[in-house]
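J.: Handing you this structure, nothing more for now.
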Amino acid sequence: MKSLWDDNEAKQYEGDLGLRVYTSRLLGRDTSLVLHGGGNTSVKITEENIVGEAQDLLCVKGSGWDLETIDTPGFPAVKLDHLIKLAQLESLSDPQMVNELRSHMTDASAPTPSVEAILHATLPFKFVDHTHADAVVTITNTPGGLDKIKQIYGDTVVIIPYIMPGFDLARLCAIEFEKQRNENTIGMVLMNHGIFSFADTAQASYERMIMLVAKAEDYIKAESAWELSYDSTAKEDADPVALAELRRATAKAAGFPVVLRSQRDERAMSFCNRSDVNKISQHGPATPDHVIRTKRLPLVGRDVDVDAYVAGYKAYFEQHAPKAREPKTMLDPAPRVILDSELGLVTVGKSVKEASIVADIYDHTMDIISRAELMGGWQALSSQDIFDMEYWDLEQAKLRKGGKPPMFQGEVALITGAASGIGKACVESMLARGAAVIALDIDPAIETLFNRPDVLGITCDIADETQLKSAVKRGVLAFGGLDMLVLNAGIFPGGCRIDSLSSEEWRKVMNINLDANLILMREAYPFLKLAPKGGRVVAMGSKNYLAPGPGAVAYSASKAALTQMTRVAALEWGDENIRINTLHPDCVFDTGIWTDEVLAARAKHYGLTVDEYKHKNVLKTEVTSVDVAELTAELCGPLFAKTTAAQLPIDGGNDRVI
Ligand code: ZN
C-alpha cells in the first residue's frame, strides 16, 4: 500500500473540489481499497448562493459514481448546517433521510448524495475519505478483531462497532467520535465494514488512509498471513456443456436468463479446490454492501445443487423478513457466485458487466477469507445483519423502480460474418436488445471492432471445421451458453454460367454458404437446447432461392439448400423448443460487395439510374443492413415466439417472388 500522490498530477486539479476529485480517483485506482461504487469521499467548502450569501456546503460522493472515474458533477453539494442538525435527531427513516438530503442540495439536478453524507458532515475535518479496505475487513472479520484493531492503531482511530449504514450509523459515529477523539485521532475503523481517514487537506487525508491501511497490511504480514500459496492450476479446458447446464439451472432459479463467467486462474482453482471450501465460503461477504452483488453465500458445487441453494435462500428470507419494519419482497433466489472444482469461480449476472463486477468482488473476497483463515478463522456478520443490508429499504425502492429489462437481457447470440454489412448490423441490433454477442469473421479486425466486454470477437474462417468448433466452444465458455445463432456469412462470386463453372468454384460456395452452416448448427445444438428461453436460429437465405437468375447457380443452389436445411431442423428440433426461421433479403446495397462501381454497372445493365436501380422493388423502397438486422433480432424475440420454419422476404417486394 503506497501513496500514489503526484505533485505534477495534482497541479491539474483546481481548488478544494478539484483536489477532492483527484484523491478520490487515487483511492479508486487501488482495487484493494474500493471496488465498483464502494467507498465515498467528501470535502467541506463555502460558496456564495444566488442572493450573495455565503453558505457552508458538504460536497459528497453521489450515488451512481465510482471513485475511480468520479468528476465534479459526482459531488452533489448539501447544506452543511442542516446535515449537522439532522445528526442530532433521535431517529430518521431511510426515505426521510433521502428526502432531507435531496431537498437541501444546491443543485436540484445533482445525483442523490451518499447515504453516508450525514456521517461525513459530522466529522470536523475539511476532507473525509472512506474505503472498505481489504486489509481492514480481513482483520475485523477474525476472532478478537476488535483487540487486534486496538493493538494496531492505539489511540489514533475511533472504533465503531458494526451497525448498518445510514442514519443510525451516522448518529453513533457522531457520538463516539466526540467520546473517543483525542489530539492523535486521524481515522475511524468501522468494525466489519471499513475505515475512515480525515484531515484538513486532500493530500493529508488521502495519505492518512494509505498509512492506516498499510499498518493493517503490516499486521497481517507479521502474522504470516499475507503470502498465500495458490498452486492449483486448471487441468484441462473447462467443459462448455457443463457450464451451459449450470447456466440453465441458475436461470431457472432466477426466473430470467443470465450470463455466466467462468474464471480458472490459480487463485480461483486453488480456492475452489480447498478441502474446507464448503466451510470457509459459507459465512458471509467481506463487507456488507457486497451482498447486493454477490448474495450472502456462494453455491459450492454444480447445477444439481442449485435447488438446494434456492431452498436455503428461501429459508433465509423467511427467517428474517418477518422481523423487518416494513414488508419485504423476496429477490430472486439464484446464486451469484458458484465455486466449482472444475469450472472454477463462476459468477452470474443479468449482463456481462454484472457478472464481471461479481467476479472482481469475489477475487478480493477469496484473498480476504484465505488470509483471515490464517489468522484464527474467517468470521462474517450474522445473517440478520446481512439480510438487513440486502433488503434495505433503499435497495428495495430501486427494485420497485427498475423498468422493463431489455428484450435479450442475459442471453447470448453467435453471429457469423459479423465484421461488416448485415452481420455487423446484427451485432448492433442484438447488443441494443441487451444480448452478449460472439462475433465471428474471417477478418481479424473483428477482434477489436466492437471493443466492449459483451462482445467476443473471434477471427474464424468458417470454411474450416476445426476453427468453427473452437469458436463455438470459446464463445460458450466466455458467456456461459448460447441462445441465438445468426447464420449470416456467405459469398456471392461473380456471374458464371453452368457450362463453364469449375468444380472448385462450386465446392467453395457450397462449403461456405452451406456446409459451414450445417457444422455450426450441429455444434450449437447442445447449447441451443439448454437456452433458458429456447434456442433460436435465423438463416440468411436469399431472394435468389425463389427467383433465381442466370449466372449464379452455386449461390442460388446453396441458399436453396440452406433454406431446406432450416426447414428440416425446425422439424427435428421443435420438441426442444428451438425455432429456426429464414430471411430472404434482396437489394441490400449498403454492404461491402456493392461498391459504387458495381452499383453503376448493374444500373446500366438494366438501363436505370443508380437511384432507380436501388428502388426497383414493388414498394420503391431501399432495404438497408439495419432493416435486415432489426428483423433478424425481432425474429428471435417474443413477437415470433410461436413461429418456426418461416421464410420471410425482406426485399421491398419482388414481383417475381410475389
Ligand atoms: Zn461504507
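J.: Which residues' amide hydrogens lie under 5 Å from the amide hydrogen of G457, considering only partners 5 or more residues apart or on another chain, with H built in the peptide plane?
T.: Correct list: A439.
J.: How much accessible area per residue does the chain have, counting only protein heavy atoms and a probe of 1.4 Å, in square angstrom?
T.: Values: 28370 Å² over 658 residues.
Ligands and nucleic acids excluded, the result is 43 Å² per residue.
J.: Hey, another quick one. With r defined as the distance between the Cβ atoms of T46 and S224 and R0 fixed at 60 Å, what FRET efficiency is calculated, to the nearest 0.05?
T.: Rounded to the nearest 0.05, the efficiency is 0.75.
J.: Additional query: Assign one of three labels to segment 240-395, namely rounded, prolate or oblate, based on the Cα gyration tensor with a ≥ b ≥ c the square roots of its eigenvalues; rounded applies when a/c is under 1.5, prolate when it is not and a/b is larger than b/c, and oblate otherwise. Could you put the intermediate results ahead of the total?
T.: Working: a/c = 1.73, a/b = 1.16, b/c = 1.49.
Taking the square roots of the gyration eigenvalues as a ≥ b ≥ c, segment 240-395 is oblate.
J.: How far is helix 15-29 tilted, in degrees, relative to the longest principal axis of the Cα atoms in the chain, given as a value from 0 to 90 rounded to the nearest 10?
T.: In the chain, helix 15-29 runs at an angle near 70 degrees to the longest axis.
J.: Further question: When only Cα pairs under 8 Å and 6 or more residues apart are kept, what is the percent relative contact order across segment 106-243?
T.: The normalised contact order for segment 106-243 reaches 30 percent.
J.: Any idea what the dipole of segment 412-650 comes to, in debye rounded to 20, about its Cα centre with Lys/Arg Cβ at +1 and Asp/Glu Cβ at -1?
T.: The dipole magnitude comes to about 520 debye.
J.: Relative contact order for the chain using alpha-carbon pairs under 8 Å, separation at least 6, rounded to a whole percent?
T.: Numbers: 1239 pairs, mean separation 65.8, N = 658.
Once divided by the residue count of the chain, the mean separation gives 10 percent.
J.: Another question, if that's okay. Translational D (Stokes-Einstein, µm²/s) of segment 504-658 at 4 °C and 1.567 mPa s when Rh comes from the Kirkwood sum over C-alpha pairs? Before the final figure, lay out the partial values.
T.: On the way: Rh = 16.8 Å.
Stokes-Einstein gives a translational diffusion coefficient of 77 µm²/s.
J.: Could you compute Rg(Cα) / (2.2 N^0.38 Å) for the chain, with N its residue count? Please report the intermediate quantities before stating the final value.
T.: On the way: Rg = 29.8 Å, N = 658, 2.2 N^0.38 = 25.9 Å.
Computed over Cα atoms of the chain, the ratio equals 1.15.
J.: Between S232 and residues 5 or more places away or on another chain, which pairs have amide H atoms under 5 Å apart, with H built 1.01 Å from N, and which residues are they?
T.: S270
J.: Angle between the Cα long axis of helix 240-254 and the longest principal axis of the chain, 0 to 90 degrees, nearest 10?
T.: Taking the Cα atoms of the chain, the angle to 240-254 is about 60 degrees.
J.: Grab the DSSP H runs of the chain that are 4 residues or longer, score each as -39,500 (n - 2.57), total them, divide by all residues and round the 222 nm result to the nearest 500 deg cm²/dmol. It would help to have the intermediate numbers written out before the result.
T.: Numbers: 27 runs with 280 residues, N = 658.
For the chain, the value works out to -12500 deg cm²/dmol.
J.: Could you please report the charge total around A418, scoring K, R as +1 and D, E as -1 over all other residues with beta-carbon less than 15 angstrom from its beta-carbon?
T.: Here the charged neighbours net out to -3.
J.: Can you find, among L89, G39, T466, the residue farthest towards the positive end of the dipole of the chain? Put +1 on the C-beta of Lys and Arg, -1 on that of Asp and Glu.
T.: Checking the options against the dipole of the chain, the answer is T466.
J.: While we're here: From the mean inverse distance of alpha carbon pairs (Kirkwood) and the Cα radius of gyration, derive Rg over Rh for segment 7-222.
T.: 0.96
J.: Another question, if that's okay. Hey, if you put +1 on the Cβ of every Lys and Arg and -1 on every Asp and Glu Cβ in segment 7-222, which of V78, T156, I210 ends up farthest toward the positive end of that dipole?
T.: Ranked along the dipole, the leading option is T156.
J.: Additional query: Once each part is reduced to its C-alpha centroid, what is the distance from segment 334-354 to segment 61-137 in angstrom?
T.: After rounding, the separation between the Cα centres reads 33 Å.
J.: Out of the total accessible area of the chain (probe 1.4 Å, heavy atoms of protein only), what percent is carbon and sulfur?
T.: 51
J.: Over 19 Å between C-alpha atoms is what I'm after, so list which of K150/K221; K61/K179; K61/K126; K543/K642; K252/K328; K85/K328 land there.
T.: Those over the limit are K61/K179; K543/K642; K252/K328; K85/K328.
J.: With point charges of +1 on the Cβ of Lys and Arg and -1 on the Cβ of Asp and Glu, referenced to the Cα centre of the chain, which listed residue (S63, V610, P288) lies farthest in the positive direction of the dipole?
T.: V610
J.: For the chain, give the magnitude of the charge dipole about the Cα centre (Cβ charges: +1 Lys/Arg, -1 Asp/Glu; no others), in debye to the nearest 20.
T.: 1660
J.: Of the peptides 257-263, 27-33, how do they stack up when ordered by the mean number of other Cβ atoms within 10 Å, highest first?
T.: 257-263, 27-33
J.: Using the alpha-carbon atoms, what tilt in degrees (0 to 90, nearest 10) does helix 202-222 show relative to the longest principal axis of the chain?
T.: With both axes taken from Cα atoms, the answer is about 90 degrees.
J.: Moving to a separate point now. Can you tally the net charge around G187? Count Lys and Arg as +1, Asp and Glu as -1, for every other residue whose Cβ sits under 12 Å from the Cβ of G187.
T.: Summing Lys/Arg as +1 and Asp/Glu as -1 gives 0.
J.: For segment 53-68, what does the Karplus curve 6.51 cos²θ - 1.76 cosθ + 1.60, with θ = phi - 60°, yield as ³J(HN,Hα) per residue in whole Hz, taken in order and with x for Gly and Pro?
T.: With coefficients 6.51, -1.76 and 1.60, one gets 8, 6, 9, 7, 10, 9, 9, 10, 3, x, 5, x, 10, 9, 4, 4 Hz.
J.: Still on this structure, please answer the following. Would you mind calculating the gained length between R29 and N184 on full extension (0.36 nm times residue separation, minus the Cα-Cα distance), in nm to one decimal?
T.: 53.0 nm
J.: Suppose the chain between S500 and E597 were pulled fully straight at 0.36 nm per residue; how much longer would it get relative to their current alpha carbon spacing? Mind showing how you got there, number by number?
T.: Numbers: separation 97, 0.36 × 97 = 34.92 nm, distance 2.53 nm.
Using 0.36 nm per residue and subtracting the Cα-Cα distance, I get 32.4 nm.
J.: Kirkwood hydrodynamic radius, computed over distinct alpha-carbon pairs, for segment 316-460: how many Å, to one decimal?
T.: 18.5
J.: Full extension from H615 to I159: what is 0.36 nm times the residue separation minus their Cα-Cα distance, to one decimal in nm?
T.: Between H615 and I159, full extension yields 156.6 nm more.
The values are calculated or read from the model by the stated rules, or taken from the named source; none is laboratory data. Just so you know, these numbers come straight off a predicted model, no measurement behind them. In this analysis, Cβ positions are derived from the backbone assuming ideal geometry, glycine residues included, and neighbour counts consider all displayed protein chains. What goes into the accessible areas is simple: the full protein's heavy atoms, side chains included, and nothing from ligands, DNA or RNA. Shrake-Rupley method; radii C 1.70, N 1.55, O 1.52, S 1.80 Å.
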